[in-house]
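Encoded as structure tokens, the structure appears first; notes follow it.
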Amino acid sequence: MPYGEKTEQQLIAFADKIFRFFEQQNVKAVVMACNTTSAITYDKLKNNYNFKIYPIIQSVSSILAKLPVQRLGVFATPATIKSGVYSREIHKINPNMEVFGMDCPEWVKIVESRSENKTESFNIIKNNLDTMLKNKPDKIVLGCTHYPFLLPVLSKFAPQKLFIDPAVDFARFIKNDLENNDLLNTDANYEFEKFYVSADPENFRRAGSVFYDIKELPKLVD
């Protein structure tokens, strides 16, 4: 962590190891919630496993491309922006939409450390937003799982309705696709959750508590 600063080779190796682990768990589908891994690894690995993979960028771009806007900003990690995947996927459907990407390398660390209200962090976020606003975007995508947690700060400087959390459309996309393929399990008796980490379970639970109450300590996977 953070993934956004890793090389392509590192990201592919991480993703492949994770997918091989899921394969051993006999999963029916995997949600690739990380924008960075969706941008860098999905096209290279998507056909290597016996389950369906849902990549966030490729999934939600079909929705973003149909928005009634002309100018779309994207805040994301350096790796995601460098890949150009948001622009590329959106332009497959809507070649007329202007997409402005901007990387925010400090934002993940700000969220993880819960330091968004410190003066230094506040200034970093505001400066990034000021730079993006020069493009006069109609909407701005928060293209990293961590970024929506900065909405309280961002909305101090711009209307909250300007920002898009792609996770909302992503969840709907997955549910609809599972339904259409007769894969959606609606039996509550089968609902359970298990968390696995590659290092430091306690830190994961502590950092994850920003958005979710993880009751049991995650299992460490070698």
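Just one of the listed residues (SER62, SER87, SER83) is under 14 Å from GLY4 (Cα atoms), within 16 Å of the chain's Cα centre (by Cα) and surrounded by 14 or more Cβ atoms within 10 Å (Cβ to Cβ), and it is SER83.
Selection of the stretch 17-59 for residues being over 18 Å from the mean Cα position of the chain (by Cα) and of a type in the set (Asp, Glu) yields only GLU23. Within the stretch 9-32, the only residue that satisfies the criterion of being under 17 Å from LYS219 (Cα atoms) and not in a helix (DSSP H, G or I) is GLN25. Looking only at residues of the stretch 185-199 that are hydrophobic (A, V, I, L, M, F, W, C), in a loop (DSSP other than H, G, I, E, B) and touching a residue at least 12 places away in the same chain (Cβ under 8 Å), we find that the one that is surrounded by the fewest Cβ atoms within 10 Å (Cβ to Cβ) is ALA199.
Condition check for ILE174 on (1) more than 26 Å from GLN58 (Cα to Cα); (2) surrounded by 13 or more Cβ atoms within 10 Å (Cβ to Cβ); (3) assigned by TED's automatic domain parsing to the domain that holds VAL30: one failure, at (1). Of PRO68, PRO78, all but one fail to be surrounded by fewer than 24 Cβ atoms within 10 Å (Cβ to Cβ) and modelled with pLDDT of 95 or more; the exception is PRO68.
Residue-by-condition table, conditions (1) in contact with a helix residue (DSSP H, G or I) (Cβ under 9 Å, 6 or more places away or on another chain); (2) in the same structural domain as ASN185 (by TED's automatic domain parsing):
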site	(1), (2)
LYS17	no, yes
VAL27	no, yes
ILE40	yes, yes
ASN47	no, yes
LYS82	yes, no
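Among residues of the stretch 117-176 being touching a helix residue (DSSP H, G or I) at 6+ places or on another chain (Cβ under 6 Å) and part of a loop (DSSP other than H, G, I, E, B), the one that is nearest to PRO68 (Cα to Cα) is ASP165. The single condition from (1) at pLDDT below 95; (2) touching a strand residue (DSSP E or B) at 6+ places or on another chain (Cβ under 6 Å); (3) small (Gly, Ala, Ser) that ALA167 fails is (2).
So, in the stretch 177-222, of the ones that are small (Gly, Ala, Ser) and within 23 Å of the chain's Cα centre (by Cα), which residue ends up nearest to GLN25 (Cα to Cα)? The extreme case among them is SER198.
The values are calculated or read from the model by the stated rules, or taken from the named source; none is laboratory data. Being a predicted model, the structure only gives us computed values, none of them experimental. Reconstructed Cβ throughout: ideal geometry from the backbone, glycine too, with neighbour counts over all protein chains shown.
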